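The values are calculated or read from the model by the stated rules, or taken from the named source; none is laboratory data. Nothing here was measured: the structure is a model prediction, and the numbers come from that model. Reconstructed Cβ throughout: ideal geometry from the backbone, glycine too, with neighbour counts over all protein chains shown. Surface accessibility is based on the protein's heavy atoms, side chains included, excluding ligands, DNA and RNA. Shrake-Rupley method; radii C 1.70, N 1.55, O 1.52, S 1.80 Å.
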Amino acid sequence: MVAAIGPARAGEVTLLKPLDSISIHSPVQPVPPGGPFPYTASGPAASWGVVAWDIPGGNLSAFSSVAAGAATLSTSQSAEASVTVLRASRGGTAITLSQDGAVLPCLTAGGQPRESDLFLSPNKQTNRLEIDGYTSALHANPLTDLRHLYAAATVSYTATPSAKREICGVAQGGALIAVILDNRTAHQTLFYQLALTTVCGPQPAPRLAFCAKMRSAPWSNFFFTKNPFGVDDKLPLLGQRFLMPGETRTLHVDLLPRLIGFLRAGPFALDSDPGHWTIDSFYAGQHIWGGVKLTTHWSSIQLVADTVGASAK
């Protein structure tokens, strides 16, 4: 089902254009100057895009499209991932992301657990396939000018073990939404990722117990403690339970108190002044490690800044 995004109320500014056509960007690393570049799109003027960084088993294919009743169904596939775009003729788009860890190596070349990301985000450039997916208000207000920063999406997921021959030391996955903050005073960046669920796959008993604990008693942590900084947060820590398999839920969460809290409690090198930070970008999607097969469905994604009026400053 494709749900509509409601109109913003007084003082609220939508920061993202609605889901519509979707582009796919080259996963080549290191990213070339001006990249990553799109090589296919589900339709003209794609305002959102997908990147599958360093994807194993071959890149996502060019989109193929067919009529699906009054909608258009566009699909891009690879050995490890797929992206499906259902675009209704009267407006409204739903995205399905899927990953299969069967072809995902257990470890990186450096011996660390190999992560695979499939993220959807508004585009930031205009070219033959894309338009800018952000509104002009993106950098307009520092965090101190906001009363709330609402993230919303309609999401569901399914997960099963993949048909992988080996048992990896880490096998897990999850759906997430994220914002990237920019600090032009201290020249710093902060990635904030909010896990909407935690999926535990087949893995050694100690690690399986650790994954189960993350799901039953979640905690937050800085995964990067120097610039660029990174925070992993969990939906239950914002007062809402994790998504359950097969459940479709429309989420609406205020990220602002969490962002300010992490800035003030972060590593010493992190600039703790919220007045120096603005919103730089947004992404949503999923990631897996090891023998996990994960599919997520997304619609009505939005990020809304509730700004402080001039008289209240």
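Using +1 at the C-beta of Lys and Arg and -1 at the C-beta of Asp and Glu, which of Pro245, Ile301, Phe229 has the Cα lying farthest in the positive direction of the dipole of the stretch 179-313?
The residue sitting farthest along the positive end of the dipole is Pro245.
With r as the distance between the Cβ atoms of Asn221 and Ala140 and R0 = 41 Å, compute the FRET efficiency 1/(1 + (r/R0)^6) and round to 0.05.
Working: r = 31 Å, r/R0 = 0.74.
Using R0 = 41 Å, I get an efficiency of 0.85.
Please report, in whole Å³, the volume per residue of the convex hull around the C-alpha atoms of the stretch 205-280. If you can, show how the numbers build up before the last one.
Working: hull volume 10.2 nm³, N = 76.
Normalising the Cα hull of the stretch 205-280 by residue number yields 135 Å³.
Over the Cα atoms of the stretch 1-157, each weighted equally, I'd like the Debye log10 I(q)/I(0) at q = 0.13, 0.18 Å⁻¹, rounded to two decimals.
Once normalised to I(0) and log-transformed, intensities are -0.71, -1.18.
What 222 nm value per residue comes from the helices of the chain, counting each DSSP H run with n ≥ 4 as -39,500 (n - 2.57) and dividing by all residues, nearest 500 deg cm²/dmol? Before the final figure, lay out the partial values.
Details: 2 runs with 21 residues, N = 313.
For the chain, the value works out to -2000 deg cm²/dmol.
Run the dipole for the chain about the Cα centre, Lys and Arg Cβ at +1, Asp and Glu Cβ at -1, nothing else charged, and hand back the magnitude in debye, nearest 20.
Details: 22 positive and 20 negative charges, 98 e Å.
Dipole magnitude for the chain comes out near 460 debye.
At 0.36 nm per residue, and after removing the present C-alpha to C-alpha distance, how many nm does the segment from Tyr39 to Glu115 gain when stretched out fully?
Values: separation 76, 0.36 × 76 = 27.36 nm, distance 2.34 nm.
This chain segment gains 25.0 nm when fully extended.
Looking at this model, which pairs from Lys17/Lys124; Lys124/Lys226; Lys17/Lys234 are more than 18 angstrom apart at the alpha-carbon?
Working: Lys17/Lys124 11 Å; Lys124/Lys226 25 Å; Lys17/Lys234 26 Å.
Those over the limit are Lys124/Lys226; Lys17/Lys234.
Report, in debye and to the nearest 20, how large the dipole of the stretch 67-192 comes out about its Cα centre when Lys and Arg carry +1 and Asp and Glu carry -1 on their Cβ.
The dipole magnitude comes to about 220 debye.
Would you list Tyr39, Tyr192 from the most to the least accessible area, probe 1.4 Å?
Tyr39, Tyr192
Per residue, how big is the convex hull around the C-alpha atoms of the chain? Give it to me in cubic angstrom, could you?
Working: hull volume 44.5 nm³, N = 313.
Looking at the chain, the number lands at 142 Å³ per residue.
Using modelled amide H (1.01 Å from N, peptide plane; none on Pro or chain starts), what sits under 5 Å from the amide H of Gly49, excluding residues fewer than 5 places away?
Amide H to amide H, under 5 Å and 5 or more residues apart or across chains, Gly49 pairs with Ser23, Ser121, Asn123.
Taking one equal scatterer on every alpha-carbon of the stretch 143-201, how large is log10 of I(q)/I(0) by Debye at q = 0.13, 0.21, 0.22 1/Å?
-0.58, -0.95, -1.00
Using Cα pairs closer than 8 Å and at least 6 residues apart in sequence, work out the relative contact order for the chain, in percent. It would help to have the intermediate numbers written out before the result.
Values: 809 pairs, mean separation 84.5, N = 313.
Reported relative contact order: 27 percent.
Can you report the principal axis dimensions of the stretch 98-235 using only the alpha carbons, biggest first, rounded to whole angstrom?
49, 38, 34
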